[in-house]
1. Is it the case that some residue within the range 50-59 is surrounded by 21 or more Cβ atoms within 10 Å (Cβ to Cβ) and either in contact with a strand residue (DSSP E or B) (Cβ under 7 Å, 6 or more places away or on another chain) or assigned by TED's automatic domain parsing to the domain that holds Val299 (or both)?
2. Kindly indicate which of Val112, Val98, Val46, Val12 is free of Cβ contacts under 8 Å to residues at least 24 places away in the same chain and not in a helix (DSSP H, G or I).
3. Could you check, for the range 123-131, whether at least one of its residues is among the charged types (D, E, K, R), touching a helix residue (DSSP H, G or I) at 6+ places or on another chain (Cβ under 8 Å) and surrounded by fewer than 22 Cβ atoms within 10 Å (Cβ to Cβ)?
4. Out of the residues in the range 77-101 that are in contact with a Gly (Cβ under 9 Å, 6 or more places away or on another chain) and of a type in the set (D, E, K, R), which is surrounded by the fewest Cβ atoms within 10 Å (Cβ to Cβ)?
5. For the range 458-497, which positions are of a type in the set (A, V, I, L, M), part of a helix (DSSP H, G or I) and free of Cβ contacts under 8 Å to residues at least 60 places away in the same chain?
6. May I ask you to verify whether Lys29 is surrounded by fewer than 23 Cβ atoms within 10 Å (Cβ to Cβ), in contact with a strand residue (DSSP E or B) (Cβ under 9 Å, 6 or more places away or on another chain) and modelled with pLDDT of 95 or more?
7. Select, from Tyr170, Tyr178, Tyr262, the only residue that is under 31 Å from the mean Cα position of the chain (by Cα), farther than 18 Å from Val138 by Cβ and not small (Gly, Ala, Ser).
8. Return yes when Leu488 is aliphatic (A, V, I, L, M) and crowded, with 21+ Cβ neighbours inside 10 Å and no when it is not.
Amino acid sequence: MSKYVFITGGVVSSLGKGITAGSIGALLKKRGLKVSILKIDPYLNVDAGTMNPFQHGEVFVTDDGAETDLDLGHYERFIDETLSEKNSITTGKIYSNVIRKERRGDYLGGTVQVIPHITNDIQERIIRAGNGLDVLIVEIGGTVGDIEGQPFLEAIRQMAVRAGRENVVYCHVTLIPYLEAAKELKTKPTQHSVQELRRIGILPNMLVCRTSHPMDIGMKNKIALFCDVPPEAVIEVRDEPTIYNVPISLHREGLDDLILKYLGLPSENEPDLSDWARVVDRYMNPPEEVKIALVGKYVQHKDAYLSVVEALHHGGIAHNVRVNIISVEAEDLEGSDVSEALKFADGILIPGGFGERGVEGMIAAAKYARENNVPLLGICLGMQMMVVEFARNVCKLHDAHSKEMNPATLHPVIHLMEEQENLRDLGGTMRLGAYPCDLVEGTKSAEAYGTLHISERHRHRYEFNNAYRERLESNGLKVAGVCTERDLVEIVELPGHIWYVGGQFHGELKSRPVRPHPLFDGFIKAASDYMREKQKEA
């Protein structure tokens, strides 16, 4: 039977519940257990797919095409397991399903209520996600006291009865604020947060206390007394210079030992965290630095390109260089001196996005990189802008097709396929999830992957127009990867350039701290080589 670790949060949001969940998963997996993680988001959206990145950050896409919260990205990076649609629950999903059942007559005329119908549906999804696992970690989004989170808290309270109290652990992440005027930490917010949990019947087994200053033994004992947990179950987690040090910190505090003790699982083997220690050391103490220009549309929001940023750091860790990411608003490059704006860059990355805003700036950045032999990696929309730039400035297609090359449509070199046009009224124009791709032997992409057959995740509407493939390739742009099952161009690159590679997919979604994505790995290597050559010339 599966066992469960439920993670709740109190006092304020953004305390790091997702990092805590991922770190616990990493530690338990290092103990030899089969684990996975489920995220519960109390918002009414069915999924994160329609959310503005300025408001909610990036959308993380799984192999099966689920558009989910960015925390699933943290989970995959920490436990190195592929997640799916079943690892994400929202209020929208739950209520849609229950209402659909009611309309179908599944409840036989009974009154449909939050308890038991909504809470039962939540529990059934939790149990289904935990099938075949030793431990399922479940993170409840939001904070205790939020009105929209109440059905989920009630559902996990009932899980102690349904699964057995010995098979459930409640971990509460809370804040110990430091008051600058008083020069001391305060425990009262944590006490009130735990009281709120206890009021609804959840008695936390352990408290993960986020704090900017060290807690002494007296403070831990005070929290333990008022919150009814053992002193050793008050876990101090201070702000870390990198999230990849959190598993090491939590292990040092004994969190994984406590969880195994409460769940009655064997704990003889100490986890081997040497790979995490290596990641932290290389992140903190690299001998060199590369400067990467991130030319995007949503650079004002720190989480809009979260997986891209992490994948860049993974490449830096692999090559023992610090990756200094400098955000450049794509719109600001339009009509400006691009060479002056980007002269600092050892490499340029153009990420994905939607809509026409900023695309001319992305095209300008691609042109600068192509003409000056600066390493360039294009992702999704970024790859498309590389194609448009090449078509305009090398193939001169814009002279004959200036109207069709309107950046609002990107037609005809980048276009919406006929089958997608037919689905436009139904909102079904997106290509989502994992698709196979065959690479061309002898290309930089094939060399980076070390294989000719790959699978990558997609989230986009527009595609490379095959009608222009011969014209583009005859002028020097190399098609390096194709989704053969649908004859769709997936990767383009420029032979002879230090690194000019664009992928239609989102490779950042599969990057790991101990195993960087091949294209990010190759890009950072090229940027490092470029940086060293610049230093020699200087």
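1. yes
2. Val112
3. Pass one, the range 123-131, residues among the charged types (D, E, K, R): 124-125, 128.
Keeping just the survivors that are touching a helix residue (DSSP H, G or I) at 6+ places or on another chain (Cβ under 8 Å) gives 125, 128.
The next check asks that each one be surrounded by fewer than 22 Cβ atoms within 10 Å (Cβ to Cβ); those that pass are 125, 128.
Taking every residue of the range 123-131 in turn, at least one turns out to be among the charged types (D, E, K, R), touching a helix residue (DSSP H, G or I) at 6+ places or on another chain (Cβ under 8 Å) and surrounded by fewer than 22 Cβ atoms within 10 Å (Cβ to Cβ).
4. Ranking the qualifying residues of the range 77-101, first place goes to Glu81.
5. Within the range 458-497, just Ala467 meets the criteria.
6. Taking the combined requirement at face value, the residue satisfies it.
7. Working: Tyr170 fails: farther than 18 Å from Val138 by Cβ; Tyr262 fails: farther than 18 Å from Val138 by Cβ.
Every option except Tyr178 fails the conditions.
8. no
The values are calculated or read from the model by the stated rules, or taken from the named source; none is laboratory data. Owing to the predicted nature of the structure, the values given are computational and were not obtained by experimental measurement. All Cβ positions, even for glycine, are placed from backbone atoms using ideal geometry, and neighbour counts span all protein chains on display.
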